[in-house]
């Protein structure tokens, strides 16, 4: 990676989760209240994760998927991926791009268990300042809020495709945090009312 620049994009908290677990039921773990997770995170960062994906001019390597030698671009399209019912999806990724290289991610969801939404893009990212999102993505199925796909109804299946340009570009990690906004709101805790208004006798320190 001496001559390359790493472009680690998307919410960093998801990338941190990615290193810890394959699938996280975050709220259920933290609150201990609901057996049904309100958040899950699906990680693809190993050859096994991409074994069933469709690869075009890309090859699994020791550090993820790499654009084939001598090629200027490559892409990966996943199989349909299952998740607990969700209406929000937040992607995160870790890629290495050469100068001038780009990374584009698109996602679609299965609605009503039978038809796919259009592909929604999360913009085109580079190793420099020329990154761009795509405004105005909204239809009867969903809308894109910069870095979040918000569906009009629950889905339990999604699919992604990623496209990289630039010789030597590599995709190291993709993470998808999905959530059911209604369950998340219902599981919210107001805090600990029994501790409100209490004064604590804490020794002073200079």
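No lab work stands behind these numbers, since they all come straight from the coordinates. Every value quoted in this text rests on a predicted model; they were computed, and no experiment measured them. Reconstructed Cβ throughout: ideal geometry from the backbone, glycine too, with neighbour counts over all protein chains shown.
Some points to look at:
- Length gained when the stretch residue 116-residue 147 is fully extended (0.36 nm per residue, less Cα-Cα span): 9.2 nm
- For the pair residue 57 and residue 104, label points projected 7 Å from Cα toward Cβ lie 1.3 nm apart.
- Residue order, fewest to most surrounding Cβ atoms within 10 angstrom, among 132, 155: 132, 155
- Approximate spin-label separation residue 205-residue 139, in nm, with each point projected 7 Å along Cα-to-Cβ: 5.8
- Backbone N under 16 Å from the residue 157 label point (7 Å along Cα→Cβ), restricted to segment 66-92: 78-86
- Histogram of C-alpha separations across segment 55-190, 5 Å bin width, %: 2, 10, 19, 20, 17, 14, 10, 5, 2, 1, 0, 0
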